[in-house]
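Structure, as structure tokens:
The values are calculated or read from the model by the stated rules, or taken from the named source; none is laboratory data. Given the structure is predicted, the values throughout are model-derived calculations rather than measurements. Note that each Cβ is placed from the backbone with ideal geometry, even for glycine, and that neighbours are counted across all protein chains shown. In case anyone asks, the SASA skips ligands and DNA or RNA and just uses the protein heavy atoms, side chains included. Shrake-Rupley method; radii C 1.70, N 1.55, O 1.52, S 1.80 Å.
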Amino acid sequence: NKNLFCIPKHYEEDLERVFIPHGLILDRTERLARDIMQDMGSHHIVALCVLKGGYKFFADLLDHIKVLNQNGDKSVPVTVNFVRIKSYC
């Protein structure tokens, strides 16, 4: 039920229901960061963000990786790059 969520007024008329709650998305993003850290071991991570739509997810994912890097027993180097792609070329 959309009444269980805080929805900005300008979306109220356009939104029928919420399929995936924000907290669940954050939880899965953290789980993905843990999986990446486990799979990569001590290898250098090169993170590539596709602009513009992926930036928020990318930033959240890197935040989780950063926390795991700081709190873990080993620190894995991470390089960040961005690419912009046109869908109609």
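Summary of computed values
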read-out	value
Test: residue in the range 70-77 that is in contact with a His (Cβ under 6 Å, 6 or more places away or on another chain) and in a loop (DSSP other than H, G, I, E, B)	yes
Residue within the range 24-45 that is more than 24 Å from residue 75 (Cβ to Cβ) and among the small types (Gly, Ala, Ser) present	no
Test: residue in the range 69-80 that is within 19 Å of the chain's Cα centre (by Cα), loosely packed, with under 10 Cβ neighbours inside 10 Å and modelled with pLDDT of 90 or more	yes
Inter-residue pairs, beta-carbon under 7 Å, first under 30 Å from residue 6 (Cα atoms) and in the range 21-49, second in a strand (DSSP E or B), 6+ apart	49/82
Some residue of the range 1-11 being touching a helix residue (DSSP H, G or I) at 6+ places or on another chain (Cβ under 7 Å) and free of Cβ contacts under 8 Å to residues at least 60 places away in the same chain	no
Some residue of the range 45-64 being open to solvent by 100 Å² or more (accessible area, probe 1.4 Å), in contact with a His (Cβ under 8 Å, 6 or more places away or on another chain) and modelled with pLDDT of 80 or more	no
